[in-house]
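Shown next, in structure tokens, is the structure this report addresses.
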Amino acid sequence: MESRVIEIDQNCFYEFKRMQQKNNSIESVFLKLNENFDILYVEKTLSSQTSHDDFLESIPVDEPRLIIYKKLSNTIFIRWIPEIVKDTIEYSYSNASTAILDILNGIDTYIEAKDLIQLSNL
């Protein structure tokens, strides 16, 4: 399978930097690939007031996402790929996670998850 170049929308950097600031109001940034699987963009952010249960409920059970999650002073990168996702889509998200991790500084922990149970103890 041929590797694609993934363009990273500037809002990905902006929201990550906002999350890293003291007194930030963002707890998580959800990143998604566009329909052509060549642009990574911010789908949504969740506030630091969001409960952990609400965070888990906001993760789509049947679609992949890249999620940056802030817990206290720990910044966690989550590659969410549910079991039902096709291999070609999983490959695209793998390329996207590599592309963004090469650029972001300040990720403390990397998690690959296929089931919400794996994220229940964050």
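The values are calculated or read from the model by the stated rules, or taken from the named source; none is laboratory data. Nothing here was measured: the structure is a model prediction, and the numbers come from that model. Reconstructed Cβ throughout: ideal geometry from the backbone, glycine too, with neighbour counts over all protein chains shown. In case anyone asks, the SASA skips ligands and DNA or RNA and just uses the protein heavy atoms, side chains included. Shrake-Rupley method; radii C 1.70, N 1.55, O 1.52, S 1.80 Å.
List of remarks:
- Taking all Cα pairs closer than 8 Å and separated by 6 or more residues, the relative contact order of the chain comes to 23 percent.
- Remark: spin-label model distance residue 113-residue 53 equals 1.6 nm, labels positioned 7 Å along the Cα→Cβ axis.
- Compactness relative to 2.2 N^0.38 Å, alpha carbon Rg of region 43-97: 1.22
- Ligands, DNA and RNA aside, residue 39 has an accessible area near 50 Å² when probed at 1.4 Å.
- Helix axis angle, 87-101 relative to the chain longest principal axis, alpha carbon, degrees: 50 degrees
- Considering the chain at the alpha-carbon level, its Rg and Dmax are found to be 13.6, 43 Å.
- The heavy atoms of residue 4 offer some 120 square angstrom of accessible surface to a 1.4 angstrom probe.
- For region 1-68, the list of GluC sites (Glu not before Pro) that fall in a loop by DSSP and count at most 13 other C-beta atoms within 10 angstrom reads 2, 35.
- Inter-label distance, nm, simple model (7 Å from Cα along the C-beta direction), residue 18/residue 63: 2.0 nm
- Bridgeable lysines around residue 70 (alpha carbons under 22 Å apart, same-chain partners fewer than 8 residues away excluded): 17, 22, 32, 44, 114.
- Accessible solvent surface per residue of region 7-50, calculated while the other protein chains remain in place, 1.4 angstrom probe, Å²: 60 Å²
- Of the trypsin sites (Lys or Arg not before Pro) found in region 10-64, those that fall in a DSSP loop while having at most 15 other beta-carbon atoms within 10 Å are 22.
- Using alpha-carbon coordinates, inclination of helix 10-20 to the longest axis of the chain, degrees: 30 degrees
- Test item: Cα-centred dipole of the chain, Lys/Arg +1 and Asp/Glu -1 on Cβ, debye: 540 debye
- Shown for the chain: the carbon plus sulfur share of the solvent-accessible area, taken with all protein chains present and a 1.4 angstrom probe, equals 46%.
- Here the Karplus curve 6.51 cos²θ - 1.76 cosθ + 1.60, taken at θ = phi - 60°, turns the phi angles of region 24-30 into couplings of 6, 10, 9, 9, 8, 10, 9 Hz, with x standing for Gly and Pro.
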